[in-house]
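The numbers here are math on the coordinates, done by the rules we state, and not lab data. Bear in mind that the values here come from a model prediction, so they are computed numbers and not experimental data. For neighbour counting, all protein chains shown are included, and Cβ atoms are generated from backbone atoms with ideal geometry for every residue, glycine included.
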Amino acid sequence: MAYLMNAWYAVAWSDEIGSALFGRTLLGRPVVLFRNAEKRITAIGGRCPHRFAPLERGQLIDNTVACPYHGLRFDTSGQCVFNPHGRQTVPPAARVPAYPVAERHLLVWVWMGDPERADPAQIPDYSFVDRPGWVTVKGTICGKGHYELYTDNILDLGHAEFIHPNTVGAPSFTYGKREMFQRGNVVHSNFFAPNDFLSPVLSMIFQRTGTRVDAKVEVQWTAPASMLLMHQSNDVGQPPSDAQVLGTYHVFTPQTEQTTYYFWVVSRKYRADDAQLTKGILEGFQATFEHEDKPMIAAQHDLMGGADFWSLKPILLEGDAAGVRARRVLSKMIGEEQVGTSGT
Amino acid sequence: MAYLMNAWYAVAWSDEIGSALFGRTLLGRPVVLFRNAEKRITAIGGRCPHRFAPLERGQLIDNTVACPYHGLRFDTSGQCVFNPHGRQTVPPAARVPAYPVAERHLLVWVWMGDPERADPAQIPDYSFVDRPGWVTVKGTICGKGHYELYTDNILDLGHAEFIHPNTVGAPSFTYGKREMFQRGNVVHSNFFAPNDFLSPVLSMIFQRTGTRVDAKVEVQWTAPASMLLMHQSNDVGQPPSDAQVLGTYHVFTPQTEQTTYYFWVVSRKYRADDAQLTKGILEGFQATFEHEDKPMIAAQHDLMGGADFWSLKPILLEGDAAGVRARRVLSKMIGEEQVGTSGT
Amino acid sequence: MAYLMNAWYAVAWSDEIGSALFGRTLLGRPVVLFRNAEKRITAIGGRCPHRFAPLERGQLIDNTVACPYHGLRFDTSGQCVFNPHGRQTVPPAARVPAYPVAERHLLVWVWMGDPERADPAQIPDYSFVDRPGWVTVKGTICGKGHYELYTDNILDLGHAEFIHPNTVGAPSFTYGKREMFQRGNVVHSNFFAPNDFLSPVLSMIFQRTGTRVDAKVEVQWTAPASMLLMHQSNDVGQPPSDAQVLGTYHVFTPQTEQTTYYFWVVSRKYRADDAQLTKGILEGFQATFEHEDKPMIAAQHDLMGGADFWSLKPILLEGDAAGVRARRVLSKMIGEEQVGTSGT
């Protein structure tokens, strides 16, 4: 399947990009990034057009990326501006793509399509991580499986009781009321679990073991594969409070068609100064995503044997409504892009 | 090449299947097995039709297999009978295949084709393992290579002198008289070695070092890849005796087109109570199959480079008569099955 | 891309081939070699035509190679001359290819094409390794990447400053004068660096740290991928002297389309008796090729993603002239061979 090109993809955490070259593959394309003295990030193609050497192993020299093999240097526009050899002629065609970059909500996003259309306003609003007084933990996973399998996993939290019983799962994810709706190209998938117990990890966070809450989870999917997930719980019958909110996002970037980067955060106001709690949250979610979700998605991937998802005629349940909707929206967007009629 | 579908395939030893879920891939298809309280074995497809999760990682709940990902439950007919989510509607199409199962001669066999045609009487008669007073050792190997390479290996024991000189090989396998004939779809391949020495392992078993015997090996191939191999030796010129018989079988099940499961037994009456001897037999044959046959077949597989056997124009020797016959019988059976005219 | 068949390929060092069977894959074909009592080397196909077993695991019996699986024996012409089984009939078609062999300049070369056309005079003249009073170190590498990537690497030494700054690289490889010309099918690529410093490794060898030399590098490429590389340096403005010459060759043999054997030597007269220096030269060049060139070429290979070199539209620089010429000569030779009009 083709990728959506005119879209922002998270490539790294902002704090991962400094003055050293940072290489990553996304959408099957090597990209190299660095931050200049003015803190501005450059992202250009990571494969030298001369002999296909990996620019990420090169050197940063005067805001140019010098190829590790023959020393060609590429500026922030991707143009080769220096050829050290012989008469030092620079072939005009010696260039790599330059990708528009934006930093938002702890992440570095790159735009993989037509640079003219790159509008940072299209990056989903995850500003909850920027709120004063809140503390955020975050992590990165790279796993087997198409990125839409990761999307499905978040849009149907019905899996939580089964693969996360000792971490973030609770029965309410199974029997709780769900709703799904679409606004523009954003798909919403919500769960409501009144008068329930919290999952083990959330009980630990909110010191709630054995007491009931009204819980609500709101998920927003933005193409291609970025999800906001807000978890809110409060004393049964009481109004919502900031103190019982966990803000999370789950942003997936295809490394290849078969492998996916998973960027996640968990943000809270509750006992924000409790470093021990912060550590517990980090470890709890890390273990959940790395040891519970990732192996399951890898197993799905393996059992699909390289076949297209729909060709396998998956059985659809109620809980798949949002995932299926997201797949359709994305498929439509890709189709429109390919015929060149996308009106975004 | 297609598989023969209307056939029994050994999937595991009877004593491997208990109340825990047991997963295995055969013919490229994942299968999950378990035994119920009445000792009856169920074998159903191992891939959930909802999201393709591996059922073998699930749970056994009230004689249903619960998917580890979203908790759908499948009964012994393969039908989904419980959906824990939302309104708990079970889509009728939510089912996995159910495979007829039979236990015979220490093995669990599953029928991969049309269930209507599954007749346990078609399982080859290896009842020698069930005889009172005999003791049996057994083992499983999983190796590289198409299962027909494993069949060839047993139907032409002429390899034994060369790859098993210190275990089960003897020169008589090379110069001994052979005969090959077919009865119905069963191919017979026999060796006769009068007045010969036994192989090192058989000399050890029968305490025969340095004395001569008349030896005879009878092999029966049943499609797709099951072989009985009876080894009988007796004092030169004397009539056969039970005490000098080793009953063995070699049953091959394709895991995939490139990898094969190898189930083997060695059964004897001679000094049946000698536990030390039993241990020696187990270790001797295990080493033979694991460290002598398996690497050779893996090397064949690698040097064939993915090509079809016949396309490589193999040189045929006398000793290949049975293997070639078995390949032809199997090819004919598969062809008949595919045009739907198999009269079995 | 097809291989050039009517060509000599280095397969091993002469001192690697003794009375034990030696197996290696070249051009995707398994070959087995041995040396007889008269020191003559045989090279025949390494895959038994009966059941495709690897002959390199067999035994050498009376100057025949006995297959490890069923004991067929092949003589030095590749013909099966013994079948131990049954009536011991040898099928005339039971044969493996026999490859003409020549030993030259420390290497064993085999001719992969029409044996009638195998002329050892076509082996490139690397007789510098045979000169009395000179001492030679050598090494073998096996790395990822098409052999033409290895050829390019030697024909454009402009990479040296960038990937070998602490070993054999010097800036003169970048700015020095180059010349490229072709004589027959031999491509010459020379570098001239007057009044320059030597690279760290060459400074170490010639005890030249901090003093300037006139340096000259002459490279000769012979199809398919053999290169002579002579490095000569002398006091600035002085005539050349033997004492400041390093003779090297770099001979590449495709193991497969994706992997390459690299045979190299470095030969000198200077302080030939200094064992410590010899050890330093061996280690210096070994590290250079294994840890600097090999990973870079592997990375190129990976980033090319299996695509044909020209299909990726590589940017061409001045320094690529010789590599491009060699590619064209080789392509032409292969094309001529395929239409059967090669007049060599």
- Message: If the only charges are +1 at each Lys and Arg Cβ and -1 at each Asp and Glu Cβ, what is the size of the charge dipole of the protein assembly as shown around the Cα centre, to the nearest 20 debye?
- Response: 240
- Item | Table column - 3J(HN,Hα) (Hz), segment C:236-249, Karplus curve with 6.51, -1.76, 1.60, x for Gly and Pro | 3, x, 8, x, x, 9, 3, 5, 10, 10, 10, x, 9, 10
- Message: Run the label-point distances for C:Asp273 please: 7 Å along Cα to Cβ, every other copy, nanometres, shortest first.
- Response: 8.1, 8.1
- chain B: longest segment with zero exposed trypsin sites (Lys or Arg not before Pro), where exposed means DSSP loop plus at most 12 other C-beta atoms within 10 Å, is residues B:88-344
- Note on the structure: Once the dipole of segment A:81-134 is set up from charges on Cβ (+1 Lys and Arg, -1 Asp and Glu), the residue from the list A:Trp109, A:Gly86, A:Gln122 lying farthest towards its positive end is A:Gly86
- Task: Please list the radius of gyration and Dmax for segment A:145-267, considering alpha-carbon atoms only, with Å as the unit.
- Result: 14.7, 46
- Note on the structure: For chain A, the dipole about the Cα centre with charges only on Cβ (Lys and Arg +1, Asp and Glu -1), to the nearest 20 debye, works out at 720
- Mind checking the mean number of beta-carbon atoms from other chains within 10 Å of the Cβ atoms in B:62-71? 4
- Query: What relative contact order, as a whole-number percentage, does segment C:68-119 give when Cα pairs under 8 Å and 6 or more residues apart are counted?
  - Reply: 23
- For chains C and A related by rotation, which residue of C has the Cβ nearest the axis, and what is the rounded distance in Å? C:Gly306, 10
- Charge dipole magnitude, Cβ of K and R +1, D and E -1 - segment B:8-121, Cα centre, debye nearest 20: 380
- Task: Compute the signed sum of charges (Lys and Arg +1, Asp and Glu -1) over the other residues within less than 14 Å, Cβ to Cβ, of A:Pro165.
- Result: -2
- Task: Using the Karplus curve 6.51 cos²θ - 1.76 cosθ + 1.60 with θ = phi - 60°, work out ³J(HN,Hα) for each residue of segment B:43-50 in order, rounded to whole Hz, and write x for Gly and Pro.
- Result: 10, 10, x, x, 10, 4, x, 7
- Note on the structure: Surrounding charge for C:Tyr150, neighbours by C-beta under 14 angstrom, Lys/Arg +1, Asp/Glu -1, total -3
- Query: What are the nm distances, shortest first, from C:Val236 to its equivalents in the other copies, labels at 7 Å along Cα→Cβ?
  - Reply: 9.3, 9.3
- Item | Rounded to whole Hz, the Karplus (6.51, -1.76, 1.60) HN-Hα couplings of segment A:11-19, x for glycine and proline | 10, 5, 7, 3, 7, 8, 9, x, 8
- Message: Relative contact order of segment A:143-263, please, whole-number percent, based on alpha carbon pairs below 8 angstrom and at least 6 residues apart.
- Response: 25
- Task: Decide, for the protein assembly as shown, between rounded, prolate and oblate: order the square roots of the alpha carbon gyration tensor eigenvalues as a ≥ b ≥ c, take rounded if a/c falls under 1.5, and otherwise choose prolate if a/b is larger than b/c, else oblate.
- Result: oblate
- Task: Work out the mean other chain Cβ neighbour count within 10 Å for the residues of B:273-282 and drop it here as an integer.
- Result: 0
- Message: Which residue, A:Tyr99, B:Phe285, C:Ala287, has the largest displacement toward the positive end of the dipole of the protein assembly as shown when charges sit on each Cβ (Lys, Arg +1; Asp, Glu -1)?
- Response: A:Tyr99
- Message: Just want the answer: with Cβ charges of +1 for Lys and Arg and -1 for Asp and Glu, which residue in B:Val219, B:Gln338, B:Ser199 is farthest toward the dipole's positive end in chain B?
- Response: B:Gln338
- Message: Exposed loop sites here are GluC sites (Glu not before Pro) in DSSP loop states with at most 15 other C-beta atoms within 10 Å. What is the longest stretch of chain A lacking them?
- Response: A:39-256
- Cα-based reach from C:Lys332 at 27 Å (exclusive), listing lysines while leaving out same-chain residues under 8 positions away: C:Lys144, C:Lys313
- Message: If each label sits 7 angstrom from Cα along the C-beta direction, how far apart, in nm, is A:Leu316 from its counterparts in the other copies?
- Response: 5.5, 5.5
- Which net charge results for the neighbourhood of C:Gly86, defined as the other residues with beta-carbon distances under 14 angstrom from its beta-carbon, given Lys and Arg at +1 and Asp and Glu at -1? -2
- Length gained if A:Gln338 through A:Asp274 is fully extended, taking 0.36 nm per residue and subtracting the Cα-Cα distance, is 18.0 nm
- Over segment C:206-251, what relative contact order in percent results from Cα pairs under 8 Å that are six or more residues apart? 35
